[in-house]
Ligand code: PAF
């Protein structure tokens, strides 16, 4: 596995790969890799000739009061895991390499970046949009793989790729969960034992919403009530949002017909958990 740290070498590598006609699969990450990332690497390995991953904790997507300095960094383990998963090239740039002092450009997806996570984290998605665009330009992959765990992020990347006519296919891959349902996330390491036990309630709430839809409930308001009711006083947490939305625009719905996405975000102390479930509600034929 080759490791590249500069923009210049990265560009040279992708130009050479393009000339060879290799189909490149790309997995951008912020490191602290887990089984969720592993499943993305494996999907790329199965479907592409060359697999590129990046490790870069992107300062632009963290708000001033967020966890940029505490964000888990596990460089040695991450390199070993990439090697084990057959990654051909690992791109590990420095901040200076990505954002030199005269850097000025921001990539923002107007509407999608304002909703849900964007309400809680106002500059987050412009940071994501900017780094993902830059990385796609450097790596020039045919396919890039994102987890459904960060559904809004994956949707936003699909939107920017379409709007800017970038020649890459964005593949959204299923969320990987612990046995008790908690969606894997690099930030799960922040949870205390008590918080870890409580954290499963988010997935339980989404599953309860899904079950109600499958039983025929079509009022989004009632579905939200069902999800909220599960988060009782015994849980030391606040609900940032629990919502039933259109799967492409993320607009909140009032009634349900066809495919919907259930979105949830909870706060345990200053740790935020997000999760989602896509649900198909059969069309009402009556
Ligand atoms: O999902 C992440 O790890 C990050 O948001 C990403 C896509 C690597 C951009 O920094």
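Each reported figure results from applying straightforward, stated rules to the coordinates on display, with no laboratory input. Computed from a predicted structure; not experimentally measured. Cβ: placed from backbone, ideal geometry, glycine included. Neighbour counts: every protein chain shown.
Counting only residues that are surrounded by 15 or more Cβ atoms within 10 Å (Cβ to Cβ) and away from the ligand (no atom under 16 Å from the Cβ), how many does segment 185-201 have?
Step one: filter segment 185-201 for residues surrounded by 15 or more Cβ atoms within 10 Å (Cβ to Cβ), giving 185-188, 190-191, 195-196, 198-201.
Next cut, away from the ligand (no atom under 16 Å from the Cβ) only: 191, 195-196, 198-201.
Looking only at that region, the number is 7.
So which of 109, 87 ends up being more than 13 Å from the ligand (Cβ to nearest atom), under 26 Å from residue 19 (Cα atoms) and surrounded by 20 or more Cβ atoms within 10 Å (Cβ to Cβ)? Lay out the reasoning, then the answer.
Values: 109 fails: under 26 Å from residue 19 (Cα atoms).
Only one candidate passes the filter, namely 87.
Starting from residues that are more than 13 Å from the ligand (Cβ to nearest atom), under 26 Å from residue 182 (Cβ atoms) and part of a loop (DSSP other than H, G, I, E, B), keep the ones in segment 14-65 and report whichever is farthest from the chain's Cα centre (by Cα).
Per the criteria, the residue is 65.
Cβ-Cβ below 8 Å, separation at least six or inter-chain, first residue in segment 20-48 and under 10 Å from residue 173 (Cβ atoms), second away from the ligand (no atom under 14 Å from the Cβ) and assigned to a strand (DSSP E or B): which pairs?
Pairs found: 27/51; 43/25; 44/25; 44/51; 44/143.
Yes/no matrix, rows are residues, columns are (1) surrounded by fewer than 23 Cβ atoms within 10 Å (Cβ to Cβ); (2) near the ligand (Cβ under 9 Å from one of its atoms); (3) part of a loop (DSSP other than H, G, I, E, B); (4) more than 15 Å from the chain's Cα centre (by Cα):
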{"position": "125", "(1), (2), (3), (4)": "no, no, no, no"}
{"position": "135", "(1), (2), (3), (4)": "yes, yes, no, yes"}
{"position": "145", "(1), (2), (3), (4)": "no, no, no, no"}
{"position": "149", "(1), (2), (3), (4)": "yes, yes, no, no"}
{"position": "155", "(1), (2), (3), (4)": "yes, no, no, no"}
{"position": "162", "(1), (2), (3), (4)": "yes, no, no, yes"}
{"position": "171", "(1), (2), (3), (4)": "yes, no, no, no"}
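Report, by residue number, each residue of segment 183-202 that is touching a residue at least 40 places away in the same chain (Cβ under 8 Å) and in a loop (DSSP other than H, G, I, E, B).
Listed by number, the residues that qualify are 184, 185, 191.
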